[in-house]
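Asker: Starting off with a structure, shown below.
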Amino acid sequence: MTGNLNRLKPAQLDRLKKLGQRRLRPESIVSQEFARQITALSQEIGRQLGVLVDRQGHVLDTMVGDDSRIWIPSLGRERAQRLRGLRLIHTHLKREPLTEEDLSDLTLLRLDAACAITMDEHGLPENFHLAYIAPGQKPGYILEQPFRPGQLPEDLEERFAELDQQFRQFEEVTRSAGGMPRAILVGVYTREARKKRLPEESIAELKELCHTAG
């Protein structure tokens, strides 16, 4: 367990520990029973809760945040063109959909999928907001329409197999293009700097330096 564990009661910590010992079905993002348990506890403590689950359904980490976000621990280094084989499941207390931060975590950490579960006033699951990573596509993910309880797709293994295939194709395209790394050139210029040199000239020089350095 990681995150904001301060002032949690022993019984609440025990329930968190039990969440981390669960195994979910590989073909579904999350089971209804697990969703009910995590939303009930999340509402009780007034904090977002999240878990990282591998493709076999094992819960690898349980995270406790505050009322508006969670913090994902370091996942270590991975080869650039590889999915981590993990999905993020977490609660939202304010009935909000996946946030920009959630979607950034999905793409930057190369997770398989991210799911935010909102809840009603009784702490029961209300909507499941789901996004899958989309290798080589913009904006880098596919955002699904919200699912109601009992409506989640049951084809997760097939979807992840497709993701792996897309990532392999993306890697092949990158290699066929020379495997050259890409960069975004950003320049910030004060008024005084503009008087001395045009921004376009500085960017052109920086671009040439990048080409020279490979």
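Asker: All but one of (1) within 22 Å of Phe34 (Cα to Cα); (2) assigned to a loop (DSSP other than H, G, I, E, B); (3) without any contact (Cβ under 8 Å) to a residue 40 or more places away in the chain; (4) in contact with a strand residue (DSSP E or B) (Cβ under 7 Å, 6 or more places away or on another chain) hold for Leu106; state the number of the condition that does not hold.
Answerer: For Leu106, the failing item is (2).
Asker: If we keep just the residues of region 95-122 that are within 14 Å of Tyr141 (Cβ to Cβ) and of a type in the set (S, T, N, Q), which is surrounded by the fewest Cβ atoms within 10 Å (Cβ to Cβ)?
Answerer: Here is the first cut: in region 95-122, the ones within 14 Å of Tyr141 (Cβ to Cβ) are 97-116.
Checking the rest, the ones that are also of a type in the set (S, T, N, Q) come to 99, 104, 107.
Values: Thr99: 15, Ser104: 13, Thr107: 16.
Looking at residues that are within 14 Å of Tyr141 (Cβ to Cβ) and of a type in the set (S, T, N, Q), I get Ser104.
Asker: So Leu60 ticks every box in (1) touching a Leu at 6+ places or on another chain (Cβ under 8 Å); (2) modelled with pLDDT of 95 or more; (3) more than 22 Å from Asp14 (Cβ to Cβ) but one. Which box is left unticked?
Answerer: (3)
Asker: On to the next question. When you scan region 165-184, do you find a residue that is within 28 Å of Ile70 (Cβ to Cβ) and modelled with pLDDT under 95, even just one? Spell out the reasoning first.
Answerer: Within region 165-184, the subset within 28 Å of Ile70 (Cβ to Cβ) is 166-167.
With modelled with pLDDT under 95 added as a condition, the list becomes 166-167.
Yes, there is a match, as at least one residue in region 165-184 is within 28 Å of Ile70 (Cβ to Cβ) and modelled with pLDDT under 95.
Asker: Can you name the residue in region 69-81 that is modelled with pLDDT under 90 and charged (D, E, K, R) and, of all such residues, is surrounded by the most Cβ atoms within 10 Å (Cβ to Cβ)? Break it down into steps so the answer makes sense when it comes.
Answerer: The initial filter retains those residues of region 69-81 that are modelled with pLDDT under 90, namely 74-81.
This time we only want the ones that are charged (D, E, K, R), so: 77-79.
Working: Arg77: 6, Glu78: 12, Arg79: 7.
Applying the filter and picking the extreme gives Glu78.
Asker: Residues in region 14-29: is at least one closer than 30 Å to Gln165 by Cβ, surrounded by fewer than 16 Cβ atoms within 10 Å (Cβ to Cβ), touching a strand residue (DSSP E or B) at 6+ places or on another chain (Cβ under 7 Å) and in the same structural domain as Gln166 (by TED's automatic domain parsing)? Can you show your working first?
Answerer: Restricting attention to region 14-29, the residues satisfying the condition of being closer than 30 Å to Gln165 by Cβ are 22-29.
Now drop any that are not surrounded by fewer than 16 Cβ atoms within 10 Å (Cβ to Cβ), which leaves 23, 25-27.
Now restrict to residues that are touching a strand residue (DSSP E or B) at 6+ places or on another chain (Cβ under 7 Å): 23.
In the following step, the residues that additionally are in the same structural domain as Gln166 (by TED's automatic domain parsing) were identified as 23.
Looking through region 14-29, at least one residue is closer than 30 Å to Gln165 by Cβ, surrounded by fewer than 16 Cβ atoms within 10 Å (Cβ to Cβ), touching a strand residue (DSSP E or B) at 6+ places or on another chain (Cβ under 7 Å) and in the same structural domain as Gln166 (by TED's automatic domain parsing).
Asker: Do any residues in region 82-94 that are buried (at least 23 other Cβ atoms within 10 Å of the Cβ) have Cβ atoms under 7 Å from those of residues that are of a type in the set (D, E, K, R) and assigned to a loop (DSSP other than H, G, I, E, B), where the two are at least six apart or on different chains, and which pairs are they?
Answerer: Arg87/Asp112
Asker: Can you go through Glu100, Glu126 and tell me which one is acidic (Asp, Glu), more than 22 Å from Gly57 (Cβ to Cβ) and in contact with a Ser or Thr (Cβ under 7 Å, 6 or more places away or on another chain)?
Answerer: Details: Glu100 fails: in contact with a Ser or Thr (Cβ under 7 Å, 6 or more places away or on another chain).
From the options Glu100, Glu126, the qualifying one is Glu126.
Asker: Among (1) at pLDDT 95 or above; (2) within 29 Å of Gln165 (Cβ to Cβ), where does Arg84 come up short?
Answerer: In the conditions (1) at pLDDT 95 or above; (2) within 29 Å of Gln165 (Cβ to Cβ), Arg84 misses (1) alone.
Asker: Additional query: What number goes with the only condition from (1) within 22 Å of Arg55 (Cα to Cα); (2) outside any loop (DSSP other than H, G, I, E, B); (3) modelled with pLDDT of 85 or more that Leu152 does not pass?
Answerer: Unmet condition: (2).
Asker: Filter region 69-81 for residues that are within 15 Å of the chain's Cα centre (by Cα) and touching a residue at least 24 places away in the same chain (Cβ under 8 Å) and give the result.
Answerer: Within region 69-81, Arg69, Ile70, Trp71, Ile72, Pro73, Leu75 qualify.
Asker: Then there is this: For Pro139, are the conditions met, namely being in contact with a strand residue (DSSP E or B) (Cβ under 8 Å, 6 or more places away or on another chain) and part of a loop (DSSP other than H, G, I, E, B)?
Answerer: On the way: in contact with a strand residue (DSSP E or B) (Cβ under 8 Å, 6 or more places away or on another chain): no; part of a loop (DSSP other than H, G, I, E, B): yes.
For Pro139, the condition - in contact with a strand residue (DSSP E or B) (Cβ under 8 Å, 6 or more places away or on another chain) and part of a loop (DSSP other than H, G, I, E, B) - is not met.
The values are calculated or read from the model by the stated rules, or taken from the named source; none is laboratory data. Note that the structure is a prediction, hence the values are computed from the model and not measured. When we count neighbours, we look across all protein chains shown, and the Cβ atoms used for this are built from the backbone with ideal geometry, even at glycine.
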